[in-house]
1. Remind me, relative contact order of segment 1-125 in percent, using alpha carbon pairs under 8 angstrom and six or more residues apart?
2. Can you tell which of TYR80, TYR103, TYR64 shows the greatest fluctuation in a Gaussian network model of the chain with Cα springs below 10 Å?
3. Remind me, what semi-axes does the chain give for its equivalent ellipsoid, largest first in whole Å, using sqrt of 5 times each Cα gyration tensor eigenvalue?
4. From the protein chains alone at 1.4 Å, what is the descending order of accessible area for ASP25, ASP77, ASP85, largest first?
5. Distance check, please: which entries in LYS26/LYS135; LYS70/LYS130; LYS30/LYS58; LYS70/LYS171; LYS73/LYS182 exceed 32 angstrom between their Cα atoms?
6. DSSP H helices in the chain with Cα extent of 27 Å or more along the helix axis and mean Kyte-Doolittle hydropathy at least -0.5?
7. Tell me what the chain gives for mean residue ellipticity at 222 nm when only DSSP H runs of n ≥ 4 count, each as -39,500 (n - 2.57), the sum divided by the residue total, rounded to 500 deg cm²/dmol.
8. Using a 1.4 angstrom probe and counting only protein chains, how large is the accessible area of PHE131 in Å², to 10?
Amino acid sequence: MHDGQNLFDAYTAAYCEWGVDEILDKLPIKEECIVVGIDHGGDYRITEYDPYDSKYGKGRGDDYVDFLAKTLKPYIDSHYRTIIDTRHTTIAGSSMGGLISMYAALKYPDVFGNAGVFSPAFWIAPDIFKFAQQKSLPAKSRFYFVCGDAEGPGVVADIQKMADIIFAKGKNEDNAPVVVIKGAGHNEKQWNGDFPGFYSWLIKGF
């Protein structure tokens with residue numbers, strides 16, 4: 001998961017935390033998993049999580065997802081008791097993290113079998129829609145799209161646009177659900193509330 005500073009501890013979070021550890025601690029041990037929180041690059045977060053150039057600078061998203069797939073995942077698999085196959089490997093994040101999660105799952109579908117796409121900032125990288133149209137996906141690839149309807153203009157429409165592209169590749173509401181939370185905004189409180197539904201969906205596919 002991206003934005004590691006915001007996942008587990010309010011002290012390191014920019015605003016408040018997702019509370020991922022507290023959520024998982026409430027589950028039976030057999031339903032828990034290893035969550036790798038990857039800290040963002042501070043002032044470089046936007047370009048780090050963007051595979052395309054924008055007004056914010058040169059996109060370094062390709063370098064970042066290459067690092068995840070080719071360096072970080074092999075390291076984690078060699079040091080922890082993971083189930084290493086694609087089906088049991090998930091990438092997830094919110095906002096810019098939602099954007100780069102989508103991109104990583106499209107670029108490396110043989111590595112990341114599932115993607116949690118929370119409130120994605122597709123607006124900053126419209127070329128991702130063309131990229132998605134061009135990519136073929138394995139039958140077992142799964143995507144979970146979620147956002148609030150009070151996040152600002154375009155977020156719901158962008159998620160639906162991406163979901164429609166994925167549906168055209170043979171996905172459906174079971175392996176690519178679209179969840180829109182009424183009244184929810186763009187913040188960690190929302191994503192804390194969204195995470196249990198995402199996680200319940202995720203483990204049903206294991």
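1. Numbers: 191 pairs, mean separation 25.4, N = 125.
Relative contact order, segment 1-125: 20 percent.
2. Judging by the Gaussian network model, the answer is TYR80.
3. Details: eigenvalues 95, 79, 73 Å².
One finds semi-axes of 22, 20, 19 Å for the chain.
4. Numbers: ASP25 115, ASP77 45, ASP85 70 Å².
I get ASP25, ASP85, ASP77, largest accessible area first.
5. Numbers: LYS26/LYS135 38 Å; LYS70/LYS130 24 Å; LYS30/LYS58 43 Å; LYS70/LYS171 27 Å; LYS73/LYS182 35 Å.
Violating the 32 Å limit, Cα to Cα: LYS26/LYS135; LYS30/LYS58; LYS73/LYS182.
6. On the way: long enough: none.
Answer set is empty.
7. Working: 8 runs with 74 residues, N = 206.
One gets -10000 deg cm²/dmol as the mean residue ellipticity at 222 nm.
8. 40
The values are calculated or read from the model by the stated rules, or taken from the named source; none is laboratory data. Computed from a prediction, not measured in an experiment: that's the story for all the values here. These accessible areas exclude ligands, DNA and RNA; they are computed on the full protein's heavy atoms, side chains included. Shrake-Rupley method; radii C 1.70, N 1.55, O 1.52, S 1.80 Å.
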